[in-house]
Structure formats: structure tokens, C-alpha cells
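I have placed the structure first, in the form of C-alpha cells, so that the comments after it can refer back to it.
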Amino acid sequence: MNSEYSAREQVILTQDLWRTYQTGIHQEVHALRGVNLSVDKGSYLALKGRSGSGKTTLLNCIGGLDKPTRGSVRVFDIELKDLDDKELTDFYRKNVGFIFQAFGLTPIYSALENVEIVLQIAGIGYKSRRQRAEHCLERVGLTDWMHHRVHELSGGQLQRVAIARALANQPRLILADEPTGKLDTSTAREIFSLFREIVEQEGVTILMAAHDPLVDEYVDKVLQLSDGLIIDTESLA
Ligand code: ADP
Ligand code: MG
């Protein structure tokens with residue numbers, strides 16, 4: 001089917017999304033001030049903005065890790081506030097992969113074990129989870145490193161393990177919070193281009209906070225966040 005004529009499938013839709021933190025008895029910080037964001041299936045987007053502009057808060061509200069003070073967040077057409085905690089956990093485990101700046105890997109495990117553990121939690125049997133974990137590590141170019149422990153890997157390799165782990169449950173959406181924040185420029189390029197491949201080959205949607213200017217070369221669109229509002233959307237496709 002010609003994509004021009006197919007209906008656009010919305011992966012994320014936020015409407016008038018506010019997140020206010022109570023920082024003292026009479027003090028509040030408005031981290032998000034009415035964000036309206038719509039993300040189509042199969043897009044690769046960068047969320048930019050200086051530190052404190054609300055990028056992490058927005059990703060966390062979309063990722064079910066934080067609760068909006070007001071407004072609506074729909075992910076794959078599910079209104080998040082309609083889900084209870086268990087439903088929310090199940091929903092994210094099935095549909096969404098997370099990647100953070102600090103990798104979030106278990107140090108005593110090998111690369112393979114770090115990927116297998118999420119499949120084990122999801123109730124996948126030993127043989128299938130081993131196969132799936134090996135496949136995901138191959139996908140990120142780490143076949144030769146999968147039995148190495150985390151402390152034996154470089155920063156770029158660690159982030160690849162984290163990406164393999166995020167891919168393990170075959171998510172339809174990946175949320176990444178400054179995934180290259182701790183990496184050098186050429187390693188950051190490798191990660192941005194690996195994301196591009198994943199979007200194109202697997203039809204996954206990626207929303208990523210990144211303030212590195214070179215990200216513009218890889219994504220479809222840049223969303224500029226300032227003081228809790230999206231102020232500019234630049235289409236690069
Ligand atoms: P970014 O990721 O763009 O650096 P954040 O989303 O982390 O921005 O923060 C947005 C604003 O919300 C900042 O002013 C920050 O200090 C504030 N903030 C974030 N988390 C909390 C929290 N748990 N309690 C109070 N203020 C917070
Ligand atoms: Mg942040």
C-alpha cells in the first residue's frame with residue numbers, strides 16, 4: 001500500500017499535558033505547561049532543549065514512569081490514566097522499550113544475561129529467551145561480545161547492550177533519554193544511525209531526548225522544548 005494513502009497511525013498523543021512539582025509548601029515548578037504532541041508510527045524524533053526544559057519529565061509521562069498533573073496522554077490509543085498499576089506495567093512491558101543515559105545494566109551479568117533477564121521477567125522460557133537475546137545482540141553488532149561482563153565493555157558497547165535489551169520484547173515504541181550523553185561524538189553517531197536502521201527495518205517508533213546538534217542528521221524531526229512547552233517543530237525528512 002502506498003503510505004501516502006494509508007491512514008496515519010498515531011503512537012503518542014498528548015493533549016494539554018501539565019506536570020507540576022511541589023517543591024515547597026507554597027512553591028511549585030511547572031516542568032510541563034500544556035504540551036500537545038502527536039507522534040506518527042515509524043517516526044524517529046529528537047526532543048531538544050536546554051537542561052531543565054522538561055525533556056525527561058515529558059518522556060517519563062509518556063513512559064508511564066511519572067503521572068501528569070493535568071491533561072491527557074495516549075499511547076497506542078490507550079489513555080494512560082485509565083490503566084491501574086498492573087495494567088500499566090503489562091502495557092509497557094509489551095509495547096515500549098526504554099533507554100537511559102546511564103545504561104542501567106546489571107554489572108555482574110554478561111551482555112547476554114542483561115538481555116535475557118527482561119525476557120525471563122516477561123515469562124519467556126529458557127530456550128526462546130536465549131535465542132531472542134542472541135538475536136538482539138547480533139542486531140546491535142555485539143555477537144562477539146555477548147559473553148563478556150558489563151565491566152569489560154566500552155561506553156558505546158554498553159549502550160548497544162541497553163539497546164538490545166530495549167528491543168528484547170519487540171517493542172513498538174522506544175523512548176530514549178539522552179542515550180549518547182556519556183559517549184564521544186563518533187560513538188554517538190553510531191548509536192544515532194543504529195536507531196535509524198531499527199526504525200526503518202523494524203517499523204519501530206523512536207522518541208529520544210538529545211541535545212547533541214549532530215542528531216539532526218539522523219532524525220525525521222526535531223521538537224524544541226523550552227520551559228515545559230514545545231516551541232518549534234522542525235521537519236528534516
Ligand atoms: P530536562 O530533562 O530537559 O533537563 P527535566 O524534565 O528533568 O528537564 O526538568 C524540568 C524541570 O522540572 C526542571 O526545572 C527540574 O528542576 C524540575 N523537576 C524535575 N523533576 C523534579 C522533581 N522530582 N521534583 C521537583 N522538580 C523537578
Ligand atoms: Mg533530562
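The values are calculated or read from the model by the stated rules, or taken from the named source; none is laboratory data. Nothing here was measured: the structure is a model prediction, and the numbers come from that model. Here Cβ is always computed from backbone atoms with ideal geometry, including for glycine, and neighbour counts include all displayed protein chains.
Pick out the one residue from Ala188, Ala164, Ala209, Ala168 that is of a type in the set (Gly, Ala, Ser), at negative phi and touching a strand residue (DSSP E or B) at 6+ places or on another chain (Cβ under 7 Å).
Ala209
Within the range 123-131, can one find any residue that is out of contact with any Cys (no Cβ under 9 Å at 6 or more places or on another chain), exposed (fewer than 13 other Cβ atoms within 10 Å of the Cβ) and of a type in the set (D, E, K, R)?
yes
Based on this model, can you work out whether Leu17 counts as more than 14 Å from ligand 2 (Cβ to nearest atom) and either aliphatic (A, V, I, L, M) or in contact (Cβ under 8 Å) with a residue 24 or more places away in the chain (or both)?
In short, yes.
Would you pick out the residues in the range 64-94 that are at pLDDT 95 or above and among the polar types (S, T, N, Q)?
Thr69, Ser72
I'd like the full set of residues that are more than 16 Å from ligand 2 (Cβ to nearest atom) and among the aliphatic types (A, V, I, L, M), limited to the range 53-98.
Result: Val73, Val75, Ile78, Leu80, Leu83, Leu88, Val96.
Quick one: what pairs do we get from the range 42-59, first residue under 11 Å from Ala176 (Cα atoms), second near ligand 1 (Cβ under 7 Å from one of its atoms) and among the small types (Gly, Ala, Ser), C-beta under 7 Å, 6+ apart or different chains?
So the pair list comes out as Leu47/Ala209; Lys55/Gly49; Lys55/Ala209; Thr56/Ala209; Leu59/Ala209.
Being touching a residue at least 60 places away in the same chain (Cβ under 8 Å) and either within 12 Å of ligand 2 (Cβ to nearest atom) or under 25 Å from Asp90 (Cβ atoms) (or both) is the filter here; which residues of the range 32-41 pass it? I'd like the intermediate steps shown before the answer.
Taking the range 32-41 and keeping what is touching a residue at least 60 places away in the same chain (Cβ under 8 Å), we get 32-37, 39-41.
Leu37, Val39, Asp40, Lys41, listed by residue number.
Hey, can you tell me all the residues within the range 72-94 that are hydrophobic (A, V, I, L, M, F, W, C) and in a helix (DSSP H, G or I)?
Within the range 72-94, the subset hydrophobic (A, V, I, L, M, F, W, C) is 73, 75-76, 78, 80, 83, 88, 91.
The answer is Leu80, Leu88, Phe91.
So Arg50 ticks every box in (1) away from ligand 2 (no atom under 14 Å from the Cβ); (2) closer than 20 Å to Leu225 by Cβ; (3) at pLDDT below 95 but one. Which box is left unticked?
Every listed condition holds for Arg50 apart from (1).
What pairs come out if I take residues in the range 201-212 that are free of Cβ contacts under 8 Å to residues at least 40 places away in the same chain and pair them with residues that are within 13 Å of ligand 1 (Cβ to nearest atom) whose C-beta lies under 9 Å away, six or more apart or interchain?
Going by the 9 Å Cβ cut-off, the qualifying pairs are Asp212/Ala46; Asp212/Lys48; Asp212/Glu178; Asp212/Gly181.
Restricting to the range 167-198, give me the number of residues that are among the aliphatic types (A, V, I, L, M) and over 23 Å from Cys61 (Cα atoms).
Count: 5.
Would it be correct to say that Val35 is in a strand (DSSP E or B), away from ligand 1 (no atom under 16 Å from the Cβ) and either within 20 Å of the chain's Cα centre (by Cα) or closer than 23 Å to Phe195 by Cβ (or both)?
So Val35 does not fit the description; no.
Could you run through the range 178-225 and say how many residues are closer than 16 Å to Asp40 by Cβ, within 16 Å of ligand 2 (Cβ to nearest atom) and either under 13 Å from the mean Cα position of the chain (by Cα) or in a helix (DSSP H, G or I) (or both)?
2
Just give me the residues in the range 44-87 being away from ligand 1 (no atom under 16 Å from the Cβ) and surrounded by fewer than 18 Cβ atoms within 10 Å (Cβ to Cβ), in sequence order.
Ser72, Phe76, Asp77, Ile78, Glu79, Lys81, Asp82, Leu83, Asp84, Asp85, Lys86, Glu87, listed by residue number.
Within the range 143-160, can one find any residue that is buried (at least 18 other Cβ atoms within 10 Å of the Cβ), within 27 Å of Ile78 (Cβ to Cβ) and either within 20 Å of the chain's Cα centre (by Cα) or modelled with pLDDT of 90 or more (or both)?
No.
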